[in-house]
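Structure first, then comments.
The values are calculated or read from the model by the stated rules, or taken from the named source; none is laboratory data. Computed from a predicted model, the values in this text were never measured in an experiment. No Cβ is skipped: glycine too gets one built from the backbone with ideal geometry, and neighbour counts run over all protein chains shown. Protein only, heavy atoms only, side chains kept; ligands, DNA and RNA dropped before computing areas. Shrake-Rupley method; radii C 1.70, N 1.55, O 1.52, S 1.80 Å.
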Amino acid sequence: MSNDTLRDLSQNPLVQRLGVPRIPVLRRHVPGAPLLDGPALVGTVGEGTYADAVRALLENESVAEAGGGDVTGGKVAGVVLDATAARTLDDLAAAQEFLTPAVRRLAANGRLLVLAPEPGEDPEAAAVAQAFDGIVRSAAKEVRAGATANLLVVHPDAPPAALDSSVRFLLSGRSAYVDGQVVHVGVPVGPEQDPIGMDAPAEPVAPLAGRVAVVTGAARGIGAAIADTLARDGAVVVAVDVPAAGEALAAVANRTGGTALQLDITAADAAERLLAHLRERHGRVDVVVHNAGITRDKLLANMDADRWNAVLAVNLRAQLGINRALLEGDLLSDSGRIVCVASTSGIAGNRGQTNYAASKAGVIGMVRALAPRAAARGVTVNAVAPGFIETEMTARMPLGTREGGRRINSLRQGGLPVDVAETVGWLGQAESGGVTGQVVRVCGQSMIGA
Ligand code: NAI
């Protein structure tokens, strides 16, 4: 039993007979499980530069290709359309011709993934490129039973291998609560345009092997799930939290086999102490996850400086300071990955949360400004924006607010901390060097801020 009683009840055929729609049980990653639970259908519009790389990846993962272009067969677990060559309305019509019968075959918990070009300068080509945004966001609202649809917008110079980690993530159970998202993939950052691991794909069961990851706010909630997930994927985790959470923090460090650092990230010397711990205990850092965050809700009309400053200090000022120190120093490796936890409140706004939304929108602004600056040294900077995630905080909400928050998304349920953690793990891989300056929502395609 989960704490989503309605979803549990809706699995019962008797309850379904009363007209209660079944709320899907999402397919999530289990170590050793196949990438997809069945065959995949791969299509192209025009040339299809990336389709061969997708086919090779699927073959590597032992996923069969369905029907060799025959779109009338049985159920498929995944549908991938390489539309990166689409330039004209005729190409768009060809995409529809492939997608309509393909989507009809999509199984429960299936994955629809479209690769589209960047809008160029030609008006028709730009219109067609942007049209895929509309197609995928709408399809994500149409596919049922836990299936998702996402779009990768591909830079014309991106080598096929740059897409690997993103294609793998979006097809797998790791992206269970990532739906209706648009992610840009470019030429991998860094001086050589071929960062560590690109031509030697990481072992899929341990894509973070050999990497040192620091996670702030790791004692509980989403941060603890991030620490667990990164450790499961092979990273050595440095768990950071306030001294008051010391006991829970030690438990996380023990079970993940990493180190614990009791640190209030708002302290004047926080960046210095964090870097000293990393240097002394690990000698480097590869993945930095800014997860620690607080809320101090009050309507703007009643807001006071204490609430305002406390939220901005933890959620934004501390991140700015630590990032500055990391990018000025030499501890962050040349496949460094900075992942900041924002929130859909920072995109859509939320009543009573001007301070929180300011901090989370601020994080998004910071990520976009830092990404091009960090690129030269091989470092990516991205944000994940969780929507309604089942945590102690949401469990304490009044029933009506909780039920509302849970259901107003395409998957009709809240996400789990692990869903945010898996997304962080994907962005943390050395192989994800083509993804930077992005804001990836982990919200089940929430109607809020859509
Ligand atoms: P939580 O309150 O359960 O955990 C936050 C952790 O951060 C705690 O362990 C806390 O001690 C630590 N922390 C707070 N101030 C700190 C400081 N000054 N120095 C070091 N550590 C500090 O929160 P939850 O729900 O796990 O959220 C994690 C992140 O996800 C936050 O940034 C939050 O804003 C964000 N988020 C959460 C959502 C949700 O539905 N729970 C939705 C959207 C975003």
Given 359, 41, 381, which one lies farthest toward the positive end of the charge dipole of the chain, if we put +1 on the Cβ of every Lys and Arg and -1 on the Cβ of every Asp and Glu? 359
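Mind giving me the FRET efficiency for residue 250 and residue 327? R0 is 41 Å, r the Cβ-Cβ distance, nearest 0.05 is fine. Don't skip to the end; give the middle numbers.
Working: r = 30 Å, r/R0 = 0.73.
The pair residue 250/residue 327 has a calculated efficiency of 0.85.
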Quick check for me: using +1 on Lys/Arg Cβ and -1 on Asp/Glu Cβ, what's the dipole size of region 7-185 about its Cα centre, in debye to the nearest 20? 1320 debye
For a quick check, take a GNM of the chain with Cα springs below 10 Å and name the residue from 137, 368, 281 with the largest mean-square fluctuation. 281
Using a 1.4 Å probe and counting only protein heavy atoms, arrange 124, 247 so the residue with the most accessible area comes first. 247, 124
Using a simple charge model, +1 on the beta-carbon of Lys and Arg, -1 on the beta-carbon of Asp and Glu, nothing else, what dipole does the chain show about its Cα centre, in debye to the nearest 20? 1820 debye
Kindly list the residues of region 24-68 that lie in the label zone of residue 93, defined by a backbone N under 13 Å from the point 7 Å along the Cα-to-C-beta vector. none
Residues listed by number, region 377-414, amide nitrogen under 15 Å from residue 5 label point at 7 Å toward C-beta: 395-404
Of 251, 395, 278, which is farthest along the charge dipole of the chain in the positive direction, counting Lys and Arg as +1 and Asp and Glu as -1 at C-beta? 395
If you average the C-alpha positions of region 21-45 and of region 87-121 separately, how far apart do those two centres end up, in angstrom? 18 Å
If the chain between residue 138 and residue 209 were fully extended at 0.36 nm per residue, the gain over the current Cα-Cα distance would be 21.8 nm
Which sequence of 393, 303 reflects their accessible areas, 1.4 Å probe, from the largest down? 393, 303
Extension gain, residue 157 back to residue 56 (0.36 nm per residue minus Cα-Cα distance, nm): 34.4 nm
What figure in square angstrom, to the nearest 10, would you give for the accessible area of residue 298 with a 1.4 Å probe? 70 Å²
Residue by residue through region 414-426, which ³J(HN,Hα) values in whole Hz follow from phi under the Karplus form 6.51 cos²θ - 1.76 cosθ + 1.60 (θ = phi - 60°), with glycine and proline marked x? x, x, 10, x, 5, 5, 5, 4, 5, 5, 4, x, 4
Taking every other residue with Cβ under 13 Å from the Cβ of residue 110 and scoring Lys and Arg +1, Asp and Glu -1, one gets +3
Rounded, prolate or oblate: which fits region 212-442, taking a ≥ b ≥ c as square roots of the Cα gyration tensor eigenvalues, rounded meaning a/c under 1.5, else prolate when a/b beats b/c? rounded
Cα-based reach from residue 298 at 24 Å (exclusive), listing lysines while leaving out same-chain residues under 8 positions away: 360
I'd like the orientation of helix 246-256 relative to the chain: the angle between its Cα long axis and the longest Cα principal axis, in ° from 0 to 90, rounded to 10. 40 degrees
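Calculate the FRET efficiency for residue 297 and residue 104 from the Cβ-Cβ distance with a Förster distance of 56 Å, rounded to the nearest 0.05.
Step by step, r from the Cβ atoms, then E = 0.80.
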How many Å² of accessible area per residue for the chain, probe 1.4 Å? 42 Å²
If every Lys and Arg gets +1 and every Asp and Glu gets -1 at its Cβ, then about the Cα centre region 357-450 yields a dipole, in debye to the nearest 20, of 300 debye
Hey, for a label at residue 368 modelled as a point 7 Å past Cα toward Cβ, could you say which residues of region 280-323 have their backbone N under 19 Å away? 316-317, 320
The correct pair for region 241-290, radius of gyration to one decimal and Dmax as a whole number, both in Å and from Cα atoms, is 11.0, 30
If R0 = 22 Å, then residue 447 and residue 393, at their Cβ-Cβ distance, give a FRET efficiency to the nearest 0.05 of 0.60
Note: residue 401 to residue 12 extended length (0.36 nm per residue) minus current alpha-carbon separation gives 137.6 nm
Charge sum, other residues only, whose C-beta stays under 11 Å from residue 50's C-beta, Lys/Arg counted +1 and Asp/Glu -1: -3
Distance in Å, no decimals, from the C-alpha centre of region 388-447 to the one of region 290-347 is 18 Å
Carbon + sulfur, % of accessible area of the chain - ligands and nucleic acids excluded, 1.4 Å: 53 percent
Find which of 429, 288, 88 sits farthest along the positive direction of the dipole of the chain, computed with +1 on the beta-carbon of Lys and Arg, -1 on that of Asp and Glu, about the Cα centre. 288
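I'd like to know how the chain sits against the 2.2 N^0.38 Å rule of thumb: what's its Cα Rg over that expected value?
With N residues counted in the chain, Rg over 2.2 N^0.38 Å equals 0.96.
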